[in-house]
Structures are given as C-alpha cells and as structure tokens.
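The structure appears right after this line, and notes come after that.
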Amino acid sequence: MRPRIVVFTGAGVSADSGISTFRDSDGLWANYRIEDVCTPEALRYNRQQVIEFYNMRRRESLTKEPNDGHLAIAKMEEWADVRVVTQNVDNLHERAGSTHVTHLHGELMKLRSELNPNLIYDVEEVEQQLDARAEDGALLRPHIVFFGESVPMFEAACEIVATAEILIVVGTSLAVYPAASLVHYVRRDVPIYLVDPGNPDTRLIRNPLTHIRERGAIGVPQLIEQLRNEFSK
Ligand code: OAD
C-alpha cells in the first residue's frame, strides 16, 4: 500500500531557490509594509503599488528554479500517495513535477476579477496592466489572498490533511492563520516531521513531532529517503 503523505509548505521551501521568505530578518515584510501591498484596502487606495509589487514578484519567480526540496517532494510520488498543500504563491512545486498541489494563498501566475472570485485567468503577460479587465467588465487583480480576506481553499486543505498518514511540514513560521492551524487537522498519532532551520510556533502541536533543523534543500531529501527506507522494510 502506498502511504498517504501530506506535505505542508511555506516560504522556506522556496528559500533555497532564492525566493525571499516573509518573516526572516531579510524577508519581504522587512522591506514592505503588509498594509501597503497585501490588503484589500491597499488594492483600493494604492492599486498601482499593489499591482507593481506582484508584477515584480512574478517576474522574479520566473527566474528561479525548483530546488532539491521541491524535487524530492515531487519524486516521492514514485512510492507514496502525495498531496502538497502550500502557502506559497510561486509554482515551484508544479515545476518540480508535483501533481496534486493546493495553493492556500493563491497563485502568482493567475489573475482574477475583482468582483467575481470564480473568474480566474492564467496570466498572459508577466506584467499585469493596471487597466486590464475580466470578462465581467471588472478590473483584474492578482489571484492572491490578502490579509483580512477569507481563505477559500482552507476547507479543502483541511480535508486533505485529515487523510495524512504522515505530515511533513517545511519552511513555515506557523504564524499566519488559518493556514497555521492545518497542523491540527491531522489524525491523532499521525507523525509530523518539520524541516525548518528556525523556530516555527509548534507549541500547540500534540502529535508526535520531529523537528529537523535543516534547510529544505538538504533536510527534505534526507527525510524522504529515510521514510522511503522505513516503508520498504
Ligand atoms: P515566513 O516568512 O513566516 O516563515 C518562513 C519560514 O521558513 C521560517 O520558519 C524560516 O525559519 C524558514 N526558512 C528560512 N530559510 C529556510 C530554508 N532554506 N529552508 C527551509 N526553511 C527555511 O513564511 P510563511 O510561514 O510561509 O501570506 O508565511 C505564511 C504567509 O505569510 C505567507 O503565505 C504569506 C505571508 O504573509 C500571504 O502573502 C497571504
């Protein structure tokens, strides 16, 4: 039987690809104020700055490649039934080859109608034009969950996490809710492996927890190799 392994990732899984995290000392939120670029109010009153911020991040993400962490997670599909739930808006999991990826906080490579959240489009150009409109006539906006907005994929993500026989968490401070609460939707006794060189907030985790203090590109392939050996016994 192929084990169901759920991988829950944050910005740290892409750090080794050269994409900044948010809350590390050199992170994005050290250089930008959330309320200037990542809230519905910013989009309304500061539209140009918000669109430019995401244009820049989109442009940057296209110059980056999946690292050994993303690649090991994708390759794990050879022997396990893998589901990835990510807080990241880049598409490095998909580019690494992962086939079941749920994005909790949206996707950089998509835009959507400001009025109808179901009118979602793949970006045609890297730069979103300020006046580009959806087919309902509304302005397009980045397909990103801003602070203060609901997280439409959260329920689906909870259902996925509840099916885990093993949960691997990579590179997230576990500081942003509701995403961080996903770790509480695993069944009791399901082991949780956390790969993160820092100190994510694990205080409320009651499941058996192994914290591997290693960066993703090193720690994730090692952990997956170890799990593969355990399952092939
Ligand atoms: P954070 O920036 O809060 O946390 C990044 C985590 O990655 C920290 O725990 C670091 O220790 C860890 N880390 C740093 N380098 C690493 C490496 N090389 N390998 C592995 N881990 C490493 O990022 P998130 O937890 O993803 O939301 O942040 C959650 C949400 O807050 C994001 O999705 C974003 C942000 O605001 C939105 O934009 C809506």
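The values are calculated or read from the model by the stated rules, or taken from the named source; none is laboratory data. All values reported here derive from a predicted model rather than from experimental measurement. Quick reminder, even Gly has a Cβ in these numbers, built from the backbone with ideal geometry, and neighbours come from all protein chains shown. In case anyone asks, the SASA skips ligands and DNA or RNA and just uses the protein heavy atoms, side chains included. Shrake-Rupley method; radii C 1.70, N 1.55, O 1.52, S 1.80 Å.
Residues that are open to solvent by 20 Å² or more (accessible area, probe 1.4 Å), at negative phi and modelled with pLDDT of 95 or more: find the strands (runs of 3 or more DSSP E) completely inside the stretch 144-233 holding 3 or more of those.
209-212
Could you grab me the full set of residues in the stretch 90-119 that are in a loop (DSSP other than H, G, I, E, B), within 19 Å of Ala74 (Cβ to Cβ) and more than 15 Å from the ligand (Cβ to nearest atom)?
Listed by number, the residues that qualify are Gly97, Ser98, Thr99, His100.
Quick one: which residue in Glu35, Glu65, Glu77, Glu60 is over 16 Å from Val176 (Cβ atoms), in a helix (DSSP H, G or I) and either within 15 Å of the ligand (Cβ to nearest atom) or among the aromatic types (Phe, Trp, Tyr) (or both)?
Exactly one of Glu35, Glu65, Glu77, Glu60 is over 16 Å from Val176 (Cβ atoms), in a helix (DSSP H, G or I) and either within 15 Å of the ligand (Cβ to nearest atom) or among the aromatic types (Phe, Trp, Tyr) (or both), namely Glu60.
Select from the stretch 17-29 the residues that are within 6 Å of the ligand (Cβ to nearest atom) and surrounded by 19 or more Cβ atoms within 10 Å (Cβ to Cβ) and write down the one among them that is farthest from Arg228 (Cα to Cα).
Phe22
Of all residues in the stretch 61-70 being open to solvent by 70 Å² or more (accessible area, probe 1.4 Å) and charged (D, E, K, R), which is nearest to Gly12 (Cα to Cα)?
Selected residue: Asp68.
Read through the list (1) more than 16 Å from Ala15 (Cβ to Cβ); (2) surrounded by fewer than 20 Cβ atoms within 10 Å (Cβ to Cβ), then give the number of the only condition that Ser98 fails.
Going through (1) more than 16 Å from Ala15 (Cβ to Cβ); (2) surrounded by fewer than 20 Cβ atoms within 10 Å (Cβ to Cβ) one by one, Ser98 breaks only (2).
Kindly indicate which of Arg83, Arg57, Arg95 is outside the structural domain of Pro221 (by TED's automatic domain parsing) and within 15 Å of the chain's Cα centre (by Cα).
Going through Arg83, Arg57, Arg95 in turn, just one is outside the structural domain of Pro221 (by TED's automatic domain parsing) and within 15 Å of the chain's Cα centre (by Cα): Arg57.
For residues that are among the charged types (D, E, K, R) and modelled with pLDDT of 95 or more, scanning just the stretch 108-129, find the one that is surrounded by the most Cβ atoms within 10 Å (Cβ to Cβ).
Arg112
Being surrounded by fewer than 18 Cβ atoms within 10 Å (Cβ to Cβ) and on the phi < 0 side of the Ramachandran plot is the requirement here; does Asn88 meet it?
Spelling it out, it is not the case that Asn88 is surrounded by fewer than 18 Cβ atoms within 10 Å (Cβ to Cβ) and on the phi < 0 side of the Ramachandran plot.
Just the residues that are of a type in the set (Asp, Glu) and either closer than 13 Å to Glu149 by Cβ or at pLDDT 95 or above (or both), please, taken from the stretch 34-51.
Glu41
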